[in-house]
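Readers should treat all values here as calculations from the given coordinates under stated rules, not as data from a laboratory. Here the structure is a predicted model, which is why all the values come from computation and not from measurement. Reconstructed Cβ throughout: ideal geometry from the backbone, glycine too, with neighbour counts over all protein chains shown.
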Amino acid sequence: MKIKGYVIMQPSVIPNKGYIPHTHTFATTTVRAWRAHVGPNVDEMDISTRIQFWHDRGYRVEKATMEIEENE
């Protein structure tokens, strides 16, 4: 089974390696992915400020697909 969604990508500290996915942020919407990244204790009024904080540091949201394989 495949699930399409989004994940927050962290800029790599290794030159020319691009981005590293934060797999714990996988979600079916971009808002839920950012919410998983910034944490549950951020007020709704502050969520855009926190997203901007991480975006300014190079974090990005990207499309992702999670594949769940059947156990045989």
Between (1) 106; (2) 126; (3) 84, the structure-derived volume of the Cα convex hull per residue in Å³ is (1)
Go through M1, M66, V31 and say which Cα lies farthest out towards the positive end of the charge dipole of the chain; charges sit on Cβ, +1 for Lys and Arg, -1 for Asp and Glu.
V31
Considering only the other residues whose Cβ falls under 13 Å of the Cβ of R50, what net charge follows from Lys and Arg at +1 and Asp and Glu at -1?
-2
If you line up the long axis of helix 47-56 against the longest principal axis of the chain, both from Cα atoms, how many degrees apart are they, to the nearest 10?
80
Using a Förster distance of 22 Å, how high is the FRET efficiency between N41 and Q10, based on the Cβ-Cβ distance and rounded to 0.05?
0.60
Ordering 42-55, 59-72 by per-residue average of other C-beta atoms within 10 angstrom, highest first, gives 42-55, 59-72
Other-chain or far-sequence residues with amide H under 5 Å of V61's (modelled H)
M9
Cross-link partners of K2 among aspartates and glutamates (Cα-Cα below 19 Å; sequence separation of 8 or more within a chain)
E62, E67, E69, E70, E72
